[in-house]
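The structure under discussion appears below in the form of structure tokens.
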Amino acid sequence: MKANLLLIAATLLLALSACNKISESIQRDVIIKPDSILFSIPPKASSQDSAIINDLPTTVNIINEINNLGGETFGLDNITNVRLSNISITYVPKTKDSVDTKNNFSNIGSIMLNLNNGLKRDSLAKVVNTGSIDAVSRIFTLTPVMKEELLKEYLNLGNLKYSLVIKFRKPTTDTIKAKISASYTLTLKK
């Protein structure tokens, strides 16, 4: 009987001391969807031409997004992972539901999307148009190429701008309007 009481007392003491050593760990994924960015692709007379569009300002504000989480208080130091969830470029018709059959995404051979923070520039995502040269194209879904560690560094520094390098596969006679839409997933851990 005495042995049972000692065993129960020892078990309770171990349980209580273990409770003091437990720390709460919180992990959360946050999806950031910045506003779409409108831009214009200038006409090109030759399929050998390229267009470079610089300094498209992004609306990614990580600090605001983290502050909007409510209850938990996370900061930039709590970001363990950043990934580009989705990025696309969409054709914007000049008039509702119309597509210029001579000047659309079928004229484009490839797009390289770069990220720039004022100090350096790196490739973020790309697309190669493998569709028919005569088919009217309305959207490109880009493939991320930037490593997650580098993307985290860019987002932490802020002041981000996109730049595009567009290679044509057939000439255009008019400006092509488009917009970039992206979403980023942040993993926060405390």
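The values are calculated or read from the model by the stated rules, or taken from the named source; none is laboratory data. Bear in mind the structure is a predicted one, so any value in this text is a computation, not a measurement. Here the Cβ is made from the backbone with ideal geometry for all residues, glycine too, and neighbour counts use every protein chain on show. Keep in mind that these areas ignore ligands, DNA and RNA; they rest on the heavy atoms of the full protein, side chains included. Shrake-Rupley method; radii C 1.70, N 1.55, O 1.52, S 1.80 Å.
Applying a threshold of 7 Å to beta carbon distances and a minimum spacing of six or more residues, or different chains, the list of pairs starting in region 131-149 at a residue that is within 16 Å of MET112 (Cβ to Cβ) and ending at one that is modelled with pLDDT under 90 and loosely packed, with under 11 Cβ neighbours inside 10 Å is empty.
In the set (1) of a type outside the set (D, E, K, R); (2) at pLDDT 95 or above; (3) under 18 Å from GLU65 (Cβ atoms), ALA178 fails one condition alone, (3).
Within region 107-147, the set of residues being within 18 Å of ASN81 (Cβ to Cβ) and open to solvent by less than 70 Å² (accessible area, probe 1.4 Å) comprises LEU115, ASP122, LEU124, ALA125, PRO144, VAL145, MET146.
Any residue that is among the charged types (D, E, K, R) and under 16 Å from the mean Cα position of the chain (by Cα) - is there at least one of those in region 155-171? Looking for residues that are among the charged types (D, E, K, R) and under 16 Å from the mean Cα position of the chain (by Cα), one finds at least one in region 155-171, hence yes.
Residues that are over 22 Å from THR143 (Cα atoms), of a type outside the set (A, V, I, L, M, F, W, C) and either within 18 Å of the chain's Cα centre (by Cα) or open to solvent by 80 Å² or more (accessible area, probe 1.4 Å) (or both) within region 49-70 comprise ASN61, ASN64, GLU65, ASN67, ASN68, listed in sequence order. Among residues of region 93-128 being closer than 22 Å to LYS152 by Cα and charged (D, E, K, R), the one that is farthest from the chain's Cα centre (by Cα) is LYS120.
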